[in-house]
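Working notes for the structure below.
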Amino acid sequence: MEQSLRDKLIEIARDTKKAGRKLGKLSTLEKNTILNSIKNSLLKNSEKVLKANSIDIKNGKDSGMSEGLLDRLFLTEERIKAMIDSIDVIIKLNDPVGNMDQVDKLPNGIQVGKKRVPIGVLAVIYESRPNVTLDAAILAIKSSNAIILRGGKEAINSNKAIVDSIREGIREAGFDENMVNLIENTERESSIELMKLRGYVDLLIPRGSQRLISSVVENSKVPILETGVGNCHLYVDDSADIEKALRIFENGKTQRIGVCNALESLLVSEQISDEFYNGLQDIVDKHGLKVHGCEKSAEKIRNVIEVTDEDYGKEYLDYEFSMKIVSGIDEAIEHIYEYSTHHSEAIVTENLKNATKFIDEVDSACVYINASTRFTDGSEFGLGAEMGISTQRIHARGPVGLKELTTYKYILLGDGQIRG
């Protein structure tokens, strides 16, 4: 009798959980040995990965995939090298597992400590970006978590090649390759069934579009860590350095359009000089940007498309953005409060009072003063890689690195004490 999809996933989950118990017993040295072996395997198989990725890129173009999503999907030798280099960074990072966060002595003499431990079995449902496959796997291994990966159909060939290399590296290091598993079925049903594996999966992390994340939030029976859509804002204050503001805007909007930390919304103080708008027009023309703007914006920038509420709340992932000219910092903060996805927001200002007000009142995972939102990234924050950018408030917020992939248990050391 043919095995049902649910039965297949339960089998994968059982194998992953069994391998996870073995992984949880390994020392930091042993985990780093696995990571180094994965690095060597990926180096050896990089041409296979690039060839597999070229098939996905062709399929994406044939299906009319947007430029932003194609950019997320595309692997080059340089991007493969960056992925491989990230393994070295993870190897060098301190292992949080086993650390005692605090030790206190109770009045009765019992010592109480909080020990860092892995979460257990992680699952990640994600779209487009094959580099997530490696990032998630190496972060999981270093934090002693086994992992189940479920990527999208648009990257299936790339993901298979990367996971084959990862599992080969684990085997060659002498350990159980099932600590990393890939669900190759990319039908929607496989995601739905994975969301139901309570008791097998300890934490589910969605990465991708608002549609994907909303589906997981609404349907998952497994505890989730919500990573967020990035409607990232830049507010140009009336005291802003014009050259600085233009440089930050261009970098945030155009360096990579298909990522969650790309700039999507521009707010400008009505007191800013026309020098700013002249420079902004040059950037718009240079990159062929579409501007969805308010009436005042249309007076400053050519060919502005009339903005809607939906535009203000949109993650474009393309060469377009929303724009609003505001009366000042209070209106800017209110606008961000209404439309933000709580990912990353930035202010360009030379006014310390306004900078302080912005960071105190803007409620997002990452808040910047005079810097691009493109820095919201685990590797840029010194975490080596990230499992995603959490926009929720518990238990992790911002880039999710090694420590955020652990929990803790209480360790109590006594000397015969009993409770009266």
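Figures for the structure shown
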item	result
Options [x] 72, 64, 37; [y] 85, 52, 41; [z] 72, 53, 45 - which one matches Cα extents along the principal axes in Å as calculated here	[x]
Computed magnitude of the charge dipole of the chain (debye, nearest 20; Cβ of K, R +1, Cβ of D, E -1)	2480 debye
Label-point gap, in nm, between R198 and K8 - each point 7 angstrom along Cα→Cβ	2.5 nm
Theoretical ellipticity at 222 nm over the chain - DSSP helices of four or more residues, -39500 (n - 2.57) apiece, nearest 500	-13500 deg cm²/dmol
Relative contact order computed over the stretch 232-375 (Cα-Cα under 8 Å; 6+ residues apart), in percent	34 percent
12 Å Cα-Cα reach of K409 towards aspartates and glutamates, excluding residues that sit fewer than 8 places from it in its own chain	D101
Amide H partners (placed H, <5 Å) of V326, local residues excluded	V268, S269, E270
Protection proxy ranking, peptides 235-242, 122-129, average beta carbon neighbours within 10 Å, highest first	122-129, 235-242
Sites K244 and I84, calculated FRET efficiency, Cβ-Cβ separation with R0 35 Å, nearest 0.05	0.50
Environment charge at V112 (Cβ cut-off 10 Å; Lys +1, Arg +1, Asp -1, Glu -1)	+1
Net lengthening on full extension, D360/K92 (0.36 nm per residue, minus Cα-Cα)	93.1 nm
Of K58/K314; K22/K196; K51/K286; K160/K286, those spanning more than 30 Å from alpha-carbon to alpha-carbon	K51/K286; K160/K286
Packing-based order for 391-400, 130-139, using average beta carbon neighbours within 10 Å, highest first	130-139, 391-400
Cβ charges +1 (Lys, Arg) and -1 (Asp, Glu), total dipole of the stretch 232-375, debye	560 debye
Considering only the chain, percent of DSSP beta bridges that pair antiparallel, nearest 5	30 percent
Förster radius 45 Å - calculated FRET efficiency between K48 and K286, Cβ distance, rounded to 0.05	0.75
For C232, C366, order by how many other beta-carbon atoms lie within 10 Å, fewest first	C366, C232
Pairwise label distance in nanometres, R21 with N278, each label 7 Å out on the Cα-Cβ vector	7.2 nm
Residues in the stretch 107-129 that a label on H395 would reach, taking backbone N under 12 Å of a point 7 Å out along Cα→Cβ	115-121
In order through the stretch 184-197: 3J(HN,Hα) via Karplus (6.51 cos²θ - 1.76 cosθ + 1.60), integer Hz, x for Gly, Pro	7, 6, 9, 6, 4, 4, 5, 5, 4, 5, 4, 5, 8, 7
Positive dipole terminus of the chain, leading residue within S4, H287, A137 (C-beta point charges)	S4
FRET efficiency, E172 to F375 (Cβ-Cβ, R0 60 Å, nearest 0.05)	0.95
Residue-span extension gain [D330 to E189] - 0.36 nm each, minus C-alpha spacing	46.2 nm
19 Å Cα-Cα reach of K92 towards aspartates and glutamates, excluding residues that sit fewer than 8 places from it in its own chain	E30, D135, D377, E380, E386, E404
Among beta bridges that DSSP assigns inside the stretch 43-181, antiparallel share in %, nearest 5	35 percent
Farthest positive-ward along the chain dipole, Cα basis, beta-carbon charges - from V268, G420, Y235	G420
Set of lysines near K353 by C-alpha distance (under 20 Å), chain-local residues within fewer than 8 positions excluded	K244
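Quick note: the coordinates plus some simple rules give every number you see, no bench work behind them. Given the structure is predicted, the values throughout are model-derived calculations rather than measurements. Backbone-built Cβ (ideal geometry, glycine too); neighbour counts: all protein chains shown.
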